[in-house]
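Visitor: Below are the structure tokens for one structure; questions will follow.
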Amino acid sequence: MTHRFTAAFAILPTLAIATVLSTARAAEETGPAFDCGRAFGKVEELICDDAALAALDRRITKRFAAAVKGLRAGADGKEAVAALRSEQRGWISGRNECWKAGDMRSCTESAYLMREGVLVATYMLDAPTATQRYQCNGNPADEFVVSFYATELPSVRVERGDTVDAGSQVPSGSGARYALSFGKALWIKGDEAELVWPEGQDNACAVAPGGG
């Protein structure tokens, strides 16, 4: 009898460890990437209580990790990764400001979807679904190239000269409009496009001869 009790007690620590590991795995699969025990503010608390938002948080965290991995392979990898991490912290701060929005959940979801679009398009984490070349202001030398990405919220990568920008689709009465950074935007209607680049400067553009 003594041996049986001894064996039973020996099993208890193993069962406890297995339970802890199982609980941790479940949290990783259903909760956000951050520790909900340290959730900061209303938005992070909302994410911890909302399975769909938690899944988005895990997805964007994986996208971010993929972008970091790609940057590390570059010649200026250390500096580039530091800049991206700083940018991500700024994005998180902006996401957490959604507590001020009339619809906090919708604001938070939009923040995640737009961030995914920017990460995917900027760092080419997926293959583009299409690429199109445009010519602006009737000037053959004034061209830009758009790569389209099928992220949940459609996104684009815009290359003009030696500058690259990226953004996600926003509501539009007609055509497809994409919000880029710092007030820049791209509005596509059929074969025509309006490129606001830089902010406040409208460029009338159309598909360039030869297309993509």
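Visitor: Residues of the stretch 63-77 being touching a residue at least 12 places away in the same chain (Cβ under 8 Å) and open to solvent by 40 Å² or more (accessible area, probe 1.4 Å), which ones?
Guide: Arg63, Ala66, Gly70
Visitor: Please indicate, with yes or no, whether at least one residue in the stretch 78-89 is at pLDDT 95 or above, surrounded by 11 or more Cβ atoms within 10 Å (Cβ to Cβ), of a type in the set (Val, Ile, Thr) and touching a Phe, Trp or Tyr at 6+ places or on another chain (Cβ under 8 Å).
Guide: No - not one qualifying residue is present in the stretch 78-89.
Visitor: Sort out which residues of the stretch 112-131 are polar (S, T, N, Q) and within 21 Å of Pro198 (Cβ to Cβ), and write them in order of number. Spell out the reasoning first.
Guide: Here is the first cut: in the stretch 112-131, the ones polar (S, T, N, Q) are 122, 129, 131.
If the condition is that a residue be polar (S, T, N, Q) and within 21 Å of Pro198 (Cβ to Cβ), then Thr122 is the only one that fits.
Visitor: Restricting attention to the stretch 172-183, which residues are at pLDDT 95 or above and within 18 Å of Leu113 (Cβ to Cβ)?
Guide: Ala176, Arg177, Tyr178, Ala179, Leu180, Ser181
Visitor: Determine whether the stretch 36-55 contains at least one residue that is closer than 30 Å to Asn203 by Cβ, of a type outside the set (Phe, Trp, Tyr), touching a residue at least 12 places away in the same chain (Cβ under 8 Å) and open to solvent by less than 50 Å² (accessible area, probe 1.4 Å). Walk me through how you get there before you give the answer.
Guide: Our first condition is that a residue be closer than 30 Å to Asn203 by Cβ; within the stretch 36-55, this holds for none.
For the stretch 36-55, residues closer than 30 Å to Asn203 by Cβ, of a type outside the set (Phe, Trp, Tyr), touching a residue at least 12 places away in the same chain (Cβ under 8 Å) and open to solvent by less than 50 Å² (accessible area, probe 1.4 Å): absent.
Visitor: Further question on the same structure: Can you name every residue in the stretch 136-177 that is open to solvent by less than 20 Å² (accessible area, probe 1.4 Å) and hydroxyl-bearing (Ser, Thr, Tyr)?
Guide: Ser147, Tyr149, Thr151, Ser155, Ser168
Visitor: Also: Out of (1) touching a residue at least 24 places away in the same chain (Cβ under 8 Å); (2) within 17 Å of the chain's Cα centre (by Cα); (3) more than 19 Å from Gly70 (Cβ to Cβ), what's the single condition that is false for Phe148?
Guide: For Phe148, the failing item is (1).
The values are calculated or read from the model by the stated rules, or taken from the named source; none is laboratory data. Being a predicted model, the structure only gives us computed values, none of them experimental. When we count neighbours, we look across all protein chains shown, and the Cβ atoms used for this are built from the backbone with ideal geometry, even at glycine. SASA here: full protein model, heavy atoms, side chains in, ligands and nucleic acids out. Shrake-Rupley method; radii C 1.70, N 1.55, O 1.52, S 1.80 Å.
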